[in-house]
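In what follows, a single structure is set out as structure tokens and then discussed.
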Amino acid sequence: MTLATQAQSDRFYLTFWGTRGSISTPGTSTEKYGGNTPCVSVRFKNTEIILDAGTGIRNLGLHLARQIAREHKNKKLHLFLSHTHWDHIQGLPFFSPAYMPETKLAIYGSPKKESFLEAILSRQMDVNYFPVEMTALAADISIEEINDDILHLGDMDINWQEQVVHPGGSVRYSLAAAGKKIVYATDVELDKIIDGSERNDGPKLIEEYREFIHGADLLIADGQYTGTEYPDRVGYGHTSIPTLIGLANEENVKQLAVFHHDPLHSDTMLDKLWKNFAPQFASQEEPMNIFWAREGMTIAV
């Protein structure tokens, strides 16, 4: 193996399949950044991770189904759910590999959900909401709560923490391999933690967040609201863009993907936000690359 080949094999390859928050927003004003709700795929060597199962997982599933049919091999996939709000699970019934016997799919979620996780996923495929029941899925599906501090999947180490400042809670994940770290931390209201007016544990929670994201090669994080929008949305469970960027910069994050875009934010608006924020952090002594996550974007880390 050449040095170039070795370098390529020691990289994460990540694709955004859905970047929108709250509800899918198809239309001409969202064509660039996408209207599908959260789903991100991450591959390191032979280990394939999926982060959340919003409507974006449908297109990922079509891609994987073609791959399975072409290669005639069984496929092992790991789906990590941040939480079970509809915008993060509503694509699962449309995930083609789940209907293929060649697929082995492990679904992971918060241990606080216990057996409730399986009940939630089954309930959204109840006959009153969906024409196909979960029992019709042909794949080998296991639903697991995370119990260990760090999971080891292939060459990848996966760490996680509960995020309590979001209605119903959510989980953030850290994926580490070959000295690189990717953090997926959507659906948490960092402004409310920092404000401290409603929580006595704010300093502890924000310190945990800082430590978790510190030095990340890529942070994919909730930045749903602008600074002017946030005061009218306190308690909704999402972070303002200035707060997110400030914390990421202070913790030496190398790349920040602003994620979970507000349904009302058009492509034009997201372009303007990028132009307002990105240049000042790209030109500092230790630059941080900021971009707004875009559906269909693939990057190597």
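The values are calculated or read from the model by the stated rules, or taken from the named source; none is laboratory data. Treat the numbers as computed from the prediction; the structure is a model and nothing was measured. Counting neighbours? That spans all protein chains shown, and the Cβs are built from the backbone with ideal geometry, glycine included. Surface areas here come from the heavy atoms of the whole protein model, side chains and all, with no ligands, DNA or RNA. Shrake-Rupley method; radii C 1.70, N 1.55, O 1.52, S 1.80 Å.
One Cα centroid belongs to the range 100-130, the other to the range 250-289; the line between them spans 34 Å. The slack between Ser142 and Ile23, meaning 0.36 nm per residue of separation minus the straight C-alpha distance, is 40.1 nm.
Between Asp10 and Asp126, the simple label model (points 7 Å from Cα in the Cβ direction) yields a spacing of 5.1 nm.
Projecting the Cα atoms of Pro26, Phe116, His152 onto the charge dipole of the chain, computed from C-beta unit charges around the Cα centre, puts Pro26 farthest toward the positive end.
Leaving out ligands, DNA and RNA, and with a 1.4 Å probe, what % of the accessible surface on the range 73-204 is carbon or sulfur? Write out the running numbers ahead of the final one.
Working: 3090 of 6290 Å².
Answer for the range 73-204: carbon and sulfur cover 49 percent of the accessible area.
Rounded to the nearest 10 degrees, the inclination of helix 57-71 to the longest alpha-carbon principal axis of the chain is 40 degrees. Between Glu71 and Thr135, the simple spin-label model (points 7 angstrom out along Cα→Cβ) gives 3.2 nm.
For the range 10-40, backbone nitrogen atoms closer than 18 Å to the point 7 Å from Ala282 Cα along Cα-to-C-beta are found at 33.
Protein-only accessible surface at a 1.4 angstrom probe places the residues Met125, Met134 in the order Met134, Met125, largest first.
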